[in-house]
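Below is one structure, written out as C-alpha cells, with a few remarks after it.
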Amino acid sequence: QLLDIRRYSHFFFIDSTTLWIIIAGIGFRFIMPDEVHDFSMLLVVCFSVYMLLIFEMQGRLNTELEKHYIYLIPASSHKKLFYATFAEHVKNLADGVILSVISGLLFKSDIGTIAACALTYIAYGGVFVYTDVLCRKLLGKIHGKTLVFFIKLMVTLLILIPSIVSAIVAGAVSGSEFWTIFAMGGTGLILALTLYILSAGILDNIEVAG
C-alpha cells in the first residue's frame, strides 16, 4: 500500500489530497471573521480534519482489506490490522506535519500549537480509518454504496461528539488555542485507539471484509 501511495504522489507522500487539504484549511481561516483569528490554527485544523473525513470516506483502505492474502499471515488480528493501515497513518503524518508547519509559519504560531495541530490531524486520520474498518465489521456486505456511505458518515459524526465537547470545554475554561487543540487531539487519540481495538476482529473472518 505504501508503494501504491508513492505511485500516485508527486513527491514522497505529497499528492493532490495534500494540496487540497492545505488550501482548504488555510483558505477557511481567511474567510472567517476577524473576531476568531486568535484561533487561526484551530480553524485550520478543524476544517482540514473535515476535508480529511471526506477523502477518507472514499478510502484506499478498502482495497487493502480485500486482498485475501492478508488473512493468511500468521499474526494476530491487531498486528495485521496495524500493518494494513500503516500506509494511511504515514500519509496522514506527512500531510499533518506539512499542513501544521505551513499554517504555523503563516499565522506565527508557537511550536507547541504547531505540534498539537499536527498530532490532532494524525489522530483523526486514525479515527476515520478505524471507523471505516469497524463499520465494515458490523455491517458486512451491504449492497448499495450510497447507504453504506450514509451509515459510515452518521457513525463517524456520532463518534466525534466527545471530541467536540472536550474542545469546547477546554476552550471555555482555558481560553487558550493550544489547550483547545490539545484537548481535541487527545480525545481523538483515545477514540482512535479504542476503535482500533474494537475493529481488529474484522481480520478473523474473510467473509466480513472481503
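Readers should treat all values here as calculations from the given coordinates under stated rules, not as data from a laboratory. Every value quoted in this text rests on a predicted model; they were computed, and no experiment measured them. With ideal geometry, Cβ positions are generated from the backbone for all residues, glycine too; neighbour counts draw on all protein chains shown.
Across the stretch 70-190, how many lysine pairs separated by 8 or more positions, or lying on different chains, have Cα atoms within less than 21 Å? Within the stretch 70-190, the lysine pair count is 8.
Given a Förster distance of 30 angstrom, what is the FRET efficiency for ILE190 paired with LEU105, based on the Cβ-Cβ distance and rounded to 0.05? Step by step, r from the Cβ atoms, then E = 0.50. In order along the stretch 161-170, the phi-based Karplus estimate (6.51 cos²θ - 1.76 cosθ + 1.60, θ = phi - 60°) of 3J(HN,Hα) comes to 4, x, 5, 5, 5, 5, 5, 4, 5, 4 Hz; Gly and Pro are listed as x.
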